[in-house]
Structure formats: structure tokens, C-alpha cells
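Presented below is the structure to which this report refers.
Computed from the coordinates by the stated procedures, all read-outs in this text should not be read as laboratory data. Source: prediction; values computed, not measured.
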Amino acid sequence: MGKSNNKDSSAQLMALQKRKREIDEELEKMERQIYELEGAYLEETQGVGNVLRGWESFLSNKPQTKGVNKKLKIKDSDRLFSLSSVTSPATVAIQSSSGRIEDEPNSPTRTQPDEDRSHPST
């Protein structure tokens, strides 16, 4: 009876670990897609305004011609949506550049519990 329970538990554990890997891969794909779509949005709207920079050019009487054709580099700190996840490419890049170390090897980077999560460090 003990061996049967042990085999069942082992099989269950392996199935759960496989499912966790699948979910982790799916999350990574979604976060990469959000990162790419967010970058495209920020690039496409840099001359006319967006949710991060506002729409001041629409409110002023002067047309905004200065720098409209100039492509600005998107900073990872401008990625509001990507920064909402601790495992997104933008968050990982910011944490890597600030010298943070992951809690465990091969695990998503985690923030410390006492940190203020509303303001990512840059």
C-alpha cells in the first residue's frame, strides 16, 4: 500500500511540475507579446501623444512639427504595462541594470516584500 501511494504522489508531482512549466512558458510568451505591442504603440504615438506623455499637442493651437519624424528611443521605464509584471522583459532589464540578484537561479526575479512596488527602481 505504501509503494502505491508513493508512486501516485510521484506521478502527481511530475504532472504538476509539467503543468507549471507549460504555464511559465505561456506567461513568458504573453509578456513578450505585451512588451512588443507596447513598444509599437509607444513608437507609433510619440508624435501625437499617448497615455504616458499626454496629448498636449492636441490642446495647443500650434501644430507639433518639432521632432515628429525623429524616432525617440523608448526607455524601459516608459513601459507602464510591461512593468506591471515582475517577470516581464522590461522589469527584468531594469532589475538587471540596477544590480538586483534573483532569489533563486532559474526562477523569475522577485521583488522584496518591503519594497514600494508602485515605483520601479531605475
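Just a few scattered comments:
- Residue match in the stretch 12-19 (condition: among the charged types (D, E, K, R), assigned to a helix (DSSP H, G or I) and closer than 18 Å to residue 89 by Cα): no
- Residues of the stretch 20-53 that turn out to be under 13 Å from residue 79 (Cα atoms), of a type in the set (A, V, I, L, M, F, W, C) and assigned to a helix (DSSP H, G or I), as a count: 4
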